[in-house]
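The values are calculated or read from the model by the stated rules, or taken from the named source; none is laboratory data. This one's a predicted model, so the numbers in the text were calculated from it and none came from an experiment. Methodologically, a virtual Cβ is constructed for each residue, glycine included, from the backbone with ideal geometry; neighbour enumeration extends over all protein chains shown.
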Protein chains: 2
Amino acid sequence: MIPGAPRVGPRMKIDIWSDIACPWCYIGKRRLETALADHPQRDEIEVIWHSYQLDPTLPEHYDGTEIDYLASRKGMPHAQVRQMFGHVTEQAAGEGLSYDFDQLVVANSARAHELLHLAKERGVADAVKESLLSGHFEHGMDIGDVDALVRVGVDAGLDEGEIRSALEDGRYKAAVAADIDMARQIGVTGVPFVVVDMKYGVSGAQPPEVFRQAIDTALAERAPAIQVVDGAADADACGPDGCAI
Amino acid sequence: MIPGAPRVGPRMKIDIWSDIACPWCYIGKRRLETALADHPQRDEIEVIWHSYQLDPTLPEHYDGTEIDYLASRKGMPHAQVRQMFGHVTEQAAGEGLSYDFDQLVVANSARAHELLHLAKERGVADAVKESLLSGHFEHGMDIGDVDALVRVGVDAGLDEGEIRSALEDGRYKAAVAADIDMARQIGVTGVPFVVVDMKYGVSGAQPPEVFRQAIDTALAERAPAIQVVDGAADADACGPDGCAI
């Protein structure tokens, strides 16, 4: 062990696969944030958002309500869907979120994920993810609408022209696909799915304690400092006073 | 554990702090290469060169021989310096290297390190490092001479104009300084200094077996795949068939 050597390695990564049209993803985001909020090693942790699409077959725009869509897609009575939404809305309220399923606009999230990748390159992924989830679940925003996406991006500090041209030429489609492919490789079948230090997976909107424990375990298992291997003491090396010979 | 999940994390890094004017660094490079040559997990390992300067006070150009320089700097008789060189030359020969201390041009390595950082950005750091070490120890190349550095860079596929302007405006000076600063933080006092997975340090031109053992230990200690944490099984999540509610 090199005495007093600080940890100089890269920050520990938390990779999150998540969709926008995913009620548990927003709730999970808040619970992870709670786990991280007062963490003493918060500065050593980097959160990375990855794209995931629960339903890539969703139409770009759908004229009915979310209840209509789910009822027709799953063949469930409207009342039952409404009851399910009530439960999710309650859980969301517990995290300070005001879900409004009556206002919710059913839309494919592909384009919103492209915007997220632009935001990631510019270091504002978290702000854009937050706006998209809030817009979708709380404010009836159409996440398939280019103008709505532009407003979200510009609010986060992105350039309007760049957003429009990126969504136009589809330059981030490959990045979205790569994220989804990586999720497949890992074996993710549902979201949110949080991976801590590429080592521990947390599936679903777990309570903050579960995230916290996975984070603390992974942090504790990182090497505290570089350890010089045995038998290395007498090696031939050059130093400020010349070369061992 | 997610069944069948492949390791999708980043490749394991081997960070090497090394100077060019450092006879044990070239020998150590060969020994590390031997350790890596037929390693079954070679593809999962990334080698990263970092700058280090044993003697930042070296003049840009020095008219005497390396023997003159060392004899005067350390107050040693010429014969003794020559005997030391004989030993290093023998060790180098054991690695297939033909050191020629009579031809060696004493020069400050700062500019060569700047070239190395440009090469690193373009993915050809290893080729440039090899040419610089070979040029310095085997072929009497002046590593302080811009035209000589341009030839090394161009041979490795770099653009002549870019090399010249980079060496002119010093755009990589900060990167060289950052590497040396990081070495200081880690506690490196001599080179070559190899750090495996930011976890195990190997000091000096160790035999290949020592490098191999540090590499194998670090690889074995990496998590084989992402492990889903306990208690995560019943979490609220959304999947292809809808959201758990």
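The residues listed here are B:ASP159, B:ASP241, B:ASP147, B:ASP155; of these, the one that is within 30 Å of A:ILE27 (Cα to Cα) and either charged (D, E, K, R) or within 15 Å of the chain's Cα centre (by Cα) (or both) is B:ASP241. Out of all the residues in segment B:24-34, is one or more under 29 Å from A:CYS238 (Cβ atoms), surrounded by fewer than 23 Cβ atoms within 10 Å (Cβ to Cβ) and at pLDDT below 95? Taking every residue of segment B:24-34 in turn, none turns out to be under 29 Å from A:CYS238 (Cβ atoms), surrounded by fewer than 23 Cβ atoms within 10 Å (Cβ to Cβ) and at pLDDT below 95. Within segment A:85-94, being in contact with a helix residue (DSSP H, G or I) (Cβ under 8 Å, 6 or more places away or on another chain) and more than 14 Å from A:ALA205 (Cα to Cα) holds for one residue alone: A:PHE85.
Taking the listed residues B:MET198, B:MET141, the one that is of a type in the set (A, V, I, L, M, F, W, C) and touching a residue at least 60 places away in the same chain (Cβ under 8 Å) is B:MET198, with no other qualifying.
The set of residues in segment A:103-131 that are of a type in the set (A, V, I, L, M) and under 18 Å from A:GLU162 (Cα atoms) comprises A:ALA110, A:ALA112, A:LEU115, A:LEU116, A:LEU118, A:ALA119, A:VAL124, A:ALA125, A:ALA127, A:VAL128. On the given criteria, is B:VAL154 among the aliphatic types (A, V, I, L, M) and buried (at least 17 other Cβ atoms within 10 Å of the Cβ)? In short, no. Residues in segment B:209-232 that are modelled with pLDDT of 80 or more and surrounded by 14 or more Cβ atoms within 10 Å (Cβ to Cβ): B:VAL210, B:PHE211, B:ARG212, B:GLN213, B:ALA214, B:ILE215, B:ASP216, B:THR217, B:ALA218, B:LEU219.
In the condition set (1) touching a Gly at 6+ places or on another chain (Cβ under 7 Å); (2) within 14 Å of chain B (Cβ to nearest Cβ); (3) farther than 30 Å from B:VAL229 by Cβ, A:VAL195 is compliant with all but (3).
Once segment B:48-74 is narrowed to residues that are buried (at least 19 other Cβ atoms within 10 Å of the Cβ) and of a type in the set (A, V, I, L, M), the residue that is nearest to B:MET198 (Cα to Cα) is B:LEU54.
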